[in-house]
1. Can you give me the number of residues within segment 30-66 that are over 15 Å from V134 (Cβ atoms), of a type in the set (V, I, T) and crowded, with 18+ Cβ neighbours inside 10 Å?
2. Take L32 and tell me if it is at pLDDT 85 or above and touching an Asp or Glu at 6+ places or on another chain (Cβ under 6 Å).
3. Given the condition modelled with pLDDT of 65 or more, farther than 14 Å from S47 by Cβ, of a type outside the set (A, V, I, L, M, F, W, C) and more than 14 Å from the chain's Cα centre (by Cα), answer yes or no: does some residue in segment 126-135 qualify?
4. Quick check on I19: is it in a helix (DSSP H, G or I), among the β-branched types (V, I, T) and either within 11 Å of the chain's Cα centre (by Cα) or over 15 Å from L148 (Cβ atoms) (or both)?
5. If you go through segment 73-109 one residue at a time, how many are in contact with a Gly (Cβ under 6 Å, 6 or more places away or on another chain) and loosely packed, with under 14 Cβ neighbours inside 10 Å?
6. If I ask for residues that are outside any loop (DSSP other than H, G, I, E, B) and not aliphatic (A, V, I, L, M), which ones from segment 36-67 would you list?
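The values are calculated or read from the model by the stated rules, or taken from the named source; none is laboratory data. The structure presented is a predicted model; accordingly, all values stated were derived computationally and were not measured. Every residue, glycine among them, receives a Cβ derived from its backbone with ideal geometry; neighbour counts consider all protein chains shown.
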Amino acid sequence: MRAAVNFLTGNHIINVALITFTVAQVLKVVILLIVYKKLDFRRLLGSGGMPSSHSATVCAMAASVGKLYGMESGHFAIAAITAAVVMFDASNVRRAAGEQAKILNFIMGNWGHQKPEFVAKELKELLGHTPFEVFVGAALGIALGVIL
């Protein structure tokens, strides 16, 4: 299986992370299609949604580092702490920014006839993840990190 994964960049850990990110992004399109009967290929490049591709990617990286170098290695410690920071950011900071964008978009949409000139377009609201989306992304990443 390892030889099949190494064709992208020549670095096994980067390849596992890239494959996992791609799988997570494709799953976003599939889940949106199944749940909402809506086909939206923009989700392939967008952030937010189920599962968290950020969580999946960093957990795949950490799992493959742990598998290759051992769970007690400094390499794994760096990867695991990085994964924890990214997942915290995805479920807290970025999610809060998305909630603020919803409120600002509502205010600007109900501003009246004259919107201020500085509003060129709506703010992006789907930035972060719910804790469940982060958990599912992490589980996907760990699974693919260990399997690949």
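1. Selection size over segment 30-66: 1.
2. Taking the combined requirement at face value, the residue satisfies it.
3. No, segment 126-135 contains no residue that is modelled with pLDDT of 65 or more, farther than 14 Å from S47 by Cβ, of a type outside the set (A, V, I, L, M, F, W, C) and more than 14 Å from the chain's Cα centre (by Cα).
4. It is false that I19 is in a helix (DSSP H, G or I), among the β-branched types (V, I, T) and either within 11 Å of the chain's Cα centre (by Cα) or over 15 Å from L148 (Cβ atoms) (or both).
5. Selection size over segment 73-109: 0.
6. Y36, F41, R42, R43, S53, H54, S55, T57, C59, S64, G66, K67
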